[in-house]
Amino acid sequence: MPELPEVEIVRRGLERHVVGRTIDSVQLLHPRALRRHLAGPDDFAAAVKGRQITGALRRGKYLWLPVGEDAVLAHLGMSGQLLVGDASRPLTPHVRVRLTFTDSGPDLRFSDQRTFGHLSLAPGGAVLPAAIAHIAPDPLEPAFDLPAVTARLRDRRTGIKRALLDQSLVSGIGNIYADEALWRAQLHWARQAQMLRPAAIARLFASVREVFAESLSAGGTTFDSLYVNVNGQSGYFERSLAVYGRAGQPCRRCQAPVRRDPFMNRSAFSCPKCQPRPRPRP
Ligand SMILES: [Zn+2]
């Protein structure tokens with residue numbers, strides 16, 4: 001499943017390969033990909049034909065391509081890919097939507113094996129589509145406001161990891177990156193958000209940005225082609241993970257065996273020495 005760094009890699013690829021180009025046609029190969037576009041696929045095709053893509057933007061795991069005042073909004077779901085390549089290459093079975101361009105250059109294909117992803121037209125959504133306006137800025141966006149997020153976190157009677165995963169507070173942080181950032185900041189996942197000092201919260205978000213940046217650079221190495229891939233990159237960064245998925249293996253800082261706790265039907269990975277459990281409050 002793509003997380004924020006993988007989606008950011010796709011955004012950069014779109015910025016490089018489709019921005020400034022004018023859409024010529026839409027070929028819909030599987031109706032499910034446009035299910036969120038309630039006016040139907042013909043309306044989608046008519047609305048985007050002849051429009052120039054003027055940007056490639058992202059919030060959390062959503063991507064959008066402004067076309068005039070409107071935007072083509074995309075979510076990759078579990079397995080979605082946005083692929084740019086030679087327009088004459090054969091269609092693979094999982095391609096759901098194909099956009100061609102007036103310059104007859106490389107086309108853009110939305111491929112999605114598990115069909116959880118989707119595309120839609122967001123009317124008036126060039127700056128920020130209404131459908132995702134409730135999602136908080138992610139830590140890589142200029143709109144991310146650390147003092148405001150700190151104040152809201154310190155209002156929460158909840159564990160810090162649960163707060164990090166709350167997309168209305170901060171978006172784009174999934175299970176993997178939450179565990180990695182907490183390990184770097186040396187904070188246990190169950191620490192009460194409201195008990196954390198602002199300096200600890202600042203350290204935590206600096207860690208989030210560091211982990212994202214390292215993951216992005218691990219993905220960047222295979223990215224210098226027309227193929228905008230979300231798969232290879234995440235696999236590369238897996239080797240650098242400090243705690244996630246490493247239960248029983250030595251902590252990369254102190255060698256203590258990494259601990260796994262049940263957490264919201266999933267797991268939380270942490271180091272028992274670097275990230276001591278919070279003391280129960282009297
Ligand atoms: Zn440790």
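The values are calculated or read from the model by the stated rules, or taken from the named source; none is laboratory data. In this text, all values refer to a predicted model and were calculated from it rather than measured experimentally. Neighbour counts run over all protein chains shown; Cβ positions are idealised from the backbone, glycine included. When the accessible area is computed, the model is the full protein with side chains, heavy atoms only, and any ligands, DNA or RNA have been set aside. Shrake-Rupley method; radii C 1.70, N 1.55, O 1.52, S 1.80 Å.
At-a-glance table
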{"read-out": "Verdict on L182 being part of a helix (DSSP H, G or I) and touching a helix residue (DSSP H, G or I) at 6+ places or on another chain (Cβ under 7 Å)", "value": "yes"}
{"read-out": "Residues of segment 165-191 classified as in contact with a strand residue (DSSP E or B) (Cβ under 8 Å, 6 or more places away or on another chain), at pLDDT below 95 and more than 18 Å from F144 (Cβ to Cβ), total", "value": "1"}
{"read-out": "Condition met for D145 (acidic (D, E), in contact with a strand residue (DSSP E or B) (Cβ under 6 Å, 6 or more places away or on another chain) and without any contact (Cβ under 8 Å) to a residue 40 or more places away in the chain)", "value": "no"}
{"read-out": "Residue satisfying all of: in segment 148-187; basic (K, R) and open to solvent by 10 Å² or more (accessible area, probe 1.4 Å); farthest from R277 (Cα to Cα) among these", "value": "R152"}
{"read-out": "Listing of strands (runs of 3 or more DSSP E) fully contained in segment 1-72 that carry 2 or more residues being under 22 Å from the mean Cα position of the chain (by Cα), polar (S, T, N, Q) and crowded, with 19+ Cβ neighbours inside 10 Å", "value": "none"}
{"read-out": "Verdict on E210 being under 15 Å from V243 (Cβ atoms), acidic (D, E) and open to solvent by less than 10 Å² (accessible area, probe 1.4 Å)", "value": "no"}
{"read-out": "Where R162 falls short, out of the listed (1) outside any loop (DSSP other than H, G, I, E, B); (2) free of Cβ contacts under 8 Å to residues at least 40 places away in the same chain", "value": "(2)"}
{"read-out": "Residue satisfying all of: in segment 233-273; surrounded by 15 or more Cβ atoms within 10 Å (Cβ to Cβ) and at pLDDT below 85; nearest to the ligand (Cβ to nearest atom) among these", "value": "F237"}
